[in-house]
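First up is the structure itself, then whatever we jot down about it.
The values are calculated or read from the model by the stated rules, or taken from the named source; none is laboratory data. Because the structure is predicted, anything quoted here is derived from the model rather than measured. Reconstructed Cβ throughout: ideal geometry from the backbone, glycine too, with neighbour counts over all protein chains shown. Ligands, DNA and RNA are stripped out before the accessible areas are found, and what is left, the full protein with its side chains, is counted by its heavy atoms. Shrake-Rupley method; radii C 1.70, N 1.55, O 1.52, S 1.80 Å.
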There are 2 protein chains.
Amino acid sequence: MSKLSKYPVTLDGNNVDEKRQEIKDYFHNTYELYEKVFDVLKNDDVFYEKSEVTRHPMIFYFGHTATFFINKLINMKIIKERINSNFESIFAVGVDEMSWDDVNSSNYSWPKVDEVREYRKKVKELVDELIMTLPLTLPIKDDSPMWIILMGIEHERIHIETSLVLHRQMPIGLVKSIEEFAVCPNNSDTPKNSMLKINAAKIKLGKDDSHNLYGWDNEYGDYKEEVSTFEVSKYLVSNGEFMEFVEAGGYSNSEFWDEEGRSFLEQTKAAYPTFWLLKNGKFRYRTLSSEIDMPLNWPVDVNALEAEAFCRYKSQKDGVKYQLPSEAEYRAIYDEAGLQDIPAFHESRANLNFYHYASSCPVDEFSFNGIYDVVGNVWQWSRTPIRGFDGFKVHEAYDDFSTPTFDEKHSLILGSSWASSGNLIMKYSRYAFRKHFYQNAGFRYVISNQEEKKLTDIYESDELVAQYCEFQYGETHFGVENFAIATAEVASKFAVNKTKALDLGCATGRATYELAREFDEVEGVDFSVRFVQVGAKLKSDGYVAFSSKEEGELVKNKKVTIQELGYESLKERVSFWQGDACNLKPNFNSYDLIMATNLIDRLYNPRLFLDTIDERLNADGILVITSPYTWQESSTKKEFWLGGYEDENGDEVKTIDSLKNILNNKFELIHLQDLEFVIKETARKYQHTISQLSVWKKR
Amino acid sequence: MSKLSKYPVTLDGNNVDEKRQEIKDYFHNTYELYEKVFDVLKNDDVFYEKSEVTRHPMIFYFGHTATFFINKLINMKIIKERINSNFESIFAVGVDEMSWDDVNSSNYSWPKVDEVREYRKKVKELVDELIMTLPLTLPIKDDSPMWIILMGIEHERIHIETSLVLHRQMPIGLVKSIEEFAVCPNNSDTPKNSMLKINAAKIKLGKDDSHNLYGWDNEYGDYKEEVSTFEVSKYLVSNGEFMEFVEAGGYSNSEFWDEEGRSFLEQTKAAYPTFWLLKNGKFRYRTLSSEIDMPLNWPVDVNALEAEAFCRYKSQKDGVKYQLPSEAEYRAIYDEAGLQDIPAFHESRANLNFYHYASSCPVDEFSFNGIYDVVGNVWQWSRTPIRGFDGFKVHEAYDDFSTPTFDEKHSLILGSSWASSGNLIMKYSRYAFRKHFYQNAGFRYVISNQEEKKLTDIYESDELVAQYCEFQYGETHFGVENFAIATAEVASKFAVNKTKALDLGCATGRATYELAREFDEVEGVDFSVRFVQVGAKLKSDGYVAFSSKEEGELVKNKKVTIQELGYESLKERVSFWQGDACNLKPNFNSYDLIMATNLIDRLYNPRLFLDTIDERLNADGILVITSPYTWQESSTKKEFWLGGYEDENGDEVKTIDSLKNILNNKFELIHLQDLEFVIKETARKYQHTISQLSVWKKR
């Protein structure tokens, strides 16, 4: 094993105590490696700089991976107490390429780096203790509390890789070289690429539930494809090979770019790859923390749009169609190369896991049966968008890890890079990014007849999300009116001022739009990006599409456009965000209306929410709560229920009375009514619920 | 370990292969011991005799424990194919003290003993194979398929004990002595009993989920009670001590008997214990297969009613109140005696697990810190009726193991007997019987101030059963009429003849009664005794009482009487039975109407039901099916769905079309309509369903 990075822990074994020790060692290794990545920043001031405007400053990422442990442990009810609720709110969401994350850092006052270091230490101590004391049986299953610890570790492994990209994008003056991250010294001429034949194969993708390594939800399930014979480039495309395209004016010839690519060029004015530097008419190359002569024999780092443009250029030049490999073709290459998973395959045989270098290396250095860099060096873009395999199901602790990327806009990257470790270097891992995104990623090309099927409308098939789409955008049943419209109407009626509203528990966003009929600005917030993305997609793509369940597995596909809904003129007023109602970020404030819809009986600690919600309301602000008070232990531990139990005297405690007791100091109850709603499960089965709606005016 | 009987297998361990072998050994030991019990029957003809009229003939029990494995494995979808569906129907239900089991054996033609022996062999081979091949991780949890194997084994252990009682009740000429079941040779005078002090103690009953032995559902959960200082008899009550009561005319003095006891005396004309024989004016004693001189120093075998009568007699005589120990008091005795669970406690120290004798032995033979027979010799009746502990939940594979006994009429028996083995000899096991029932059971008495709380109306609190009580006997909601009444009305309208009807999937029985308004005889059948007992109780006790959920854990207790329902005059027309619609016993036949209510989408193989149901209908018979067709894998494996999927051509298959295809040859579809129903979950949350009702006339 390399000194810097350990292999992932297996889930099985015979000795629980030894397993705890292994997990602890792996956790420490991960945690320390992550901190080493931040040693690349020149000094503490740099933590407040961004690698580019659309990203958070570095301090966010430094805190983020530690707060992830705590937020997941709280949500899964494994621990009850937060360590620092402010940190755990401002460092909470990290997938910042997405619209529903808030990257306007002027909204926060970031803490001192030393405070975050201190916080990281506390988290480490807590996680250490949990590793030693949580109930544990082997093999570790995805419903084990220890799975959440492994999830936190693998999450940090991802950020080791992505943070290194951010640091590499930092101005050179803000980073420094450190001994452990040494650059490859081999730099020479362009090796000539050529094509190798890959035999037809029946490919089966997807990992069994019984696999003995931690996996993200998207890795499990089943997918089969027959791959015809095809050819693949022997090497990854090198800087030298890509140079041809650049020098032929590839970046300014729009016929090599598709619509998304042209939009990328317009926005960035790119004329060559992002880690190339043009100095005195000569291309140089940016490594993590140095600038070096152009290594023509290293793989080029590009995004998927640049890789596709190169393929179009080369196709035109050679009169043969080149394209990026599909996911199944890549597996055929992998098999043909005789590769096996770690540890059967030793890390020393490829440029990964920080074993050799903290940079790329020549494309002709690591051969696998004559095909080079099948794994390692840089990630390889695929033409396949990430999709769930048959049998896909989200893990409840991280239900928005994958599904927001199942939008046909996120392309898979294959094979891992020099900066990959942990789950990222394993055979079954699957990561995907938007095509304009940079990673330590390049590409190889194939000649194959197979076209990737383009899906057009994506019908939401996640059962729960689709059920909510039907609930908010579908038909009405039993004569009960649309609940999102009805609540927004009542709430608007009682609102005194109408500048800004918060739709908390917005689900798929219908009420957020409805409130925008009256309010200048409405923010829709939900705990799960799975839901939030529906409202966001209505805004960006102009429609909501979903599969409504009819009988058994039979569905009816439905699509509603923003025009049909009459929201075209309202869409600039709404925005959608991921957030935890029990620990909302500080920038969610200054509202004239906060509407909490069917939320309080689903919170892990509803009191936490109610105790401070008044602080986010303007004077004369209105709080609207709707709920059927269906308390259940799976959402809320009994000790946190607001009602539905007997107190120590044997008296019945009802939720509405607790609401009055809790809110009475700060609010006046001005309206109370019942409001029905109906959720369709199938064409013949419905949930029919009588929600109580209460309107509270801030005193 | 004794040669005859092995200790139960622990659930934990480090080696899966060794565990499989242990389970296999334990299974074989159980299976062989059970067959040895039947060697006591003189010859194969005796298998068709009954120990008493209300019981099945012995052949039933011989087949029953083997079919139990298959029925549970089928129901849990661990296996798909039955071995012999006829055997698995006629040998299916064994709790024959209850009204819902059919003990009228003229209804069956019993198979040959050798056929059953052959069948048992096949089951053994299948179980052997499953033990070696089922997925297995350690510790074994209650959701593991291997748990069902252990359930089958422990179920057979129970029948080893109860079958020995049945054999002991057989006419002496029909049984024979076998070498392995030797009677205790020590027979002498009555030892003088005395009282010992037991210190006050805080008692905690109930087994943790993590306990390393198989347990029945009623063992788990949590119960705490403070027990005050009390006194307990040093010995179990011996035949000699009980003789006093008999000779004092105890059986004919009604003041020593409560209402249930007097009714027992009336029915049985008992004048002394059941295993005593009065020969030439002298009492002799029946062992398993011999008659011996009265062993005055052995414990008396009595039922709970006789034990209570003795206590009342002795209280009157001594002027001190004696009663049977409560469950908590027994644990205090157990603790005071310094007892531990097997294997820390060795079986040789008590008369249990067939280690010493196949009979009782002197009450002064096995001492535990001066208290005798705290475990072993004979079971000891408790004054506590069996109840579920806090946190009780049924195991889905056997949901009517315990709940039908939570009726305040089943008393716990404590401490195990010479014929107990397996789970029955373990500390946390809990078994209970009706008070008039005989086991290898006697008693000891206590002087204690604690009274057992008598519950009067038992409000059904099993969440699902209570929900169905509310559905069938509670209020209507959203203006939707009572579904049981509505379906019975439609079905009655279409019925041509009205002699006999079957309400299949009768749940808590409302429609069964409603059909009895029109039909001379109506049989209500459901898969679960948990449900069937509600309708049966309405008939026997004249009311239905249940806790209807309002908010969280808060409930409203409701009670409906048979007079209010107007069923007083109908009750002799209805009867309730446990049965599997996919494998109904042959005696369920000759109906003019079969009504299958919300059943077909809950069956493991609905086709099996539909293919032969016509055979149970008379000429002009009517079949009524209602269902919302909510197919789900948890009830029905996808391959058995009748609709709700796409066929191999991608065409949608709907349930109603499959029903037409399957039934078309034998039935004519004469009516089709929608019928709504509403099931209350809480005061604010309801399931609102649109069932499809189809009426089929036999061709």
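So here's what we get for this one:
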read-out: Built amide H within the under 5 Å cut-off of A:Val522, gap 5+; value: A:Ala501, A:Val574, A:Ser575
read-out: Candidate lysines for bridging to B:Lys279, where Cα separation is under 19 Å - those fewer than 8 sequence places away on the same chain excluded; value: B:Lys269
read-out: Rounded accessible area of A:His395 (nearest 10 Å², 1.4 Å probe); value: 30
read-out: Of A:Lys141/B:Lys141; A:Lys680/B:Lys680; A:Lys685/B:Lys72; A:Lys321/A:Lys409, those spanning more than 18 Å from alpha-carbon to alpha-carbon; value: A:Lys685/B:Lys72; A:Lys321/A:Lys409
read-out: Estimated vicinal HN-Hα couplings, Hz - the stretch B:345-361 in sequence order (Karplus 6.51, -1.76, 1.60; Gly, Pro = x); value: 8, 8, 4, 5, 7, 8, 8, 8, 6, 6, 6, 9, 9, 9, 6, 5, 9
read-out: Solitary cysteines of chain A, where the nearest other Cys Cβ is not under 4.7 Å; value: A:Cys311, A:Cys469, A:Cys506, A:Cys582
read-out: Solvent-accessible surface (1.4 angstrom probe) belonging to B:Leu278, in square angstrom, nearest 10; value: 90
read-out: Under 5 Å, built H, 5+ apart or other chain: amide partners of A:Asp580; value: A:Lys585
read-out: Farthest positive-ward along chain B dipole, Cα basis, beta-carbon charges - from B:Asn239, B:Val653, B:Ala501; value: B:Asn239
read-out: Theoretical ellipticity at 222 nm over the protein assembly as shown - DSSP helices of four or more residues, -39500 (n - 2.57) apiece, nearest 500; value: -9000 deg cm²/dmol
read-out: A:Arg510, A:Arg284, reordered so the largest accessible area comes first (probe 1.4 Å); value: A:Arg284, A:Arg510
read-out: Closest Cβ on chain A to the rotation axis that carries it onto B (distance rounded to whole Å); value: A:His688, 2
read-out: Between the stretch B:36-88 and the stretch B:254-296, the alpha-carbon center distance in angstrom; value: 30
read-out: For residues of A:687-695, the mean tally of beta carbons on other chains within 10 Å; value: 4
read-out: Length-normalised contact order of chain A in % [C-alpha pairs under 8 Å, at least 6 apart]; value: 12
read-out: Sequence of B:Asp399, B:Asp674, B:Asp143, A:Asp318 from largest to smallest accessible area, 1.4 Å probe; value: B:Asp143, B:Asp674, A:Asp318, B:Asp399
read-out: 10 Å Cβ neighbours from other chains, averaged over peptide B:621-631; value: 3
read-out: Accessible area per residue in Å² at 1.4 Å probe, computed on chain B; value: 39
read-out: Dipole in debye (nearest 20) - the stretch A:246-336, about Cα centre, beta carbon charges: Lys, Arg +1; Asp, Glu -1; value: 480
read-out: Cα gyration tensor category, rounded, prolate or oblate, for the stretch B:1-99 with a/c compared to 1.5; value: oblate
read-out: Count of lysine pairs in the stretch A:517-633 with Cα separation under 26 Å (8 or more residues apart, or interchain); value: 17
read-out: Debye intensity ratio I(q)/I(0), log10, the stretch B:133-202, q values 0.19 Å⁻¹ (C-alpha model); value: -0.90
read-out: Debye, to nearest 20: dipole size of chain B, +1 on Lys, Arg Cβ, -1 on Asp, Glu Cβ; value: 1060
read-out: Unit Cα scatterers, Debye sum, the protein assembly as shown: log10 I(q)/I(0) for q = 0.04, 0.09 Å⁻¹; value: -0.32, -1.31
read-out: Cα pair distances exceeding 17 angstrom across the stretch A:253-373, given as percent; value: 69
read-out: 20 Å tail of the calculated P(r), the stretch B:552-683, as % of Cα pairs; value: 59
read-out: Accessible-area order (highest first, 1.4 angstrom probe) of the listed residues A:Lys435, A:Lys393, B:Lys269, A:Lys176; value: B:Lys269, A:Lys393, A:Lys176, A:Lys435
read-out: Global geometry of the stretch B:546-605, whether rounded, prolate or oblate, following the gyration tensor of its Cα atoms and the 1.5 cut on a/c; value: oblate
read-out: In order through the stretch B:517-524: 3J(HN,Hα) via Karplus (6.51 cos²θ - 1.76 cosθ + 1.60), integer Hz, x for Gly, Pro; value: 5, 10, 9, 5, 9, 10, 9, x
read-out: Out-of-range pairs (alpha-carbon distance over 31 Å; input B:Lys80/B:Lys112; B:Lys122/B:Lys638; A:Lys24/A:Lys393; A:Lys6/A:Lys393; B:Lys50/B:Lys637); value: B:Lys50/B:Lys637
read-out: Reachable lysines from A:Lys493, criterion Cα separation under 20 angstrom, eight or more residues apart if same chain; value: A:Lys697, A:Lys698
read-out: Charge dipole (debye, nearest 20) of the protein assembly as shown; +1 at Cβ of Lys and Arg, -1 at Cβ of Asp and Glu; value: 540
read-out: Per-residue ³J(HN,Hα) for the stretch A:308-323, Karplus 6.51 cos²θ - 1.76 cosθ + 1.60, θ = phi - 60°, Hz, x for Gly and Pro; value: 5, 4, 4, 4, 5, 4, 5, 4, 4, 5, 8, x, 10, 8, 9, 8
read-out: Whole-Å distance, taken between Cα centres, linking the stretch A:654-671 and the stretch A:206-227; value: 49
read-out: Unit charges at the beta carbon, dipole of the stretch A:349-422: most positive-side option, A:Tyr398, A:Tyr357, A:Gly388; value: A:Tyr357
read-out: Surface/4 estimate of mean projected area, convex hull on alpha-carbon atoms of the stretch A:388-439, nm²; value: 4.4
read-out: Amide H partners (placed H, <5 Å) of B:Tyr445, local residues excluded; value: B:Ser233
read-out: For residues of A:548-561, the mean tally of beta carbons on other chains within 10 Å; value: 4
read-out: Chain A pair-distance distribution - Cα-Cα, 10 Å bins, rounded %; value: 3, 14, 23, 25, 20, 11, 4, 1, 0
read-out: Heavy atoms of B:Asp45: accessible area, 1.4 Å probe, square angstrom to 10; value: 110
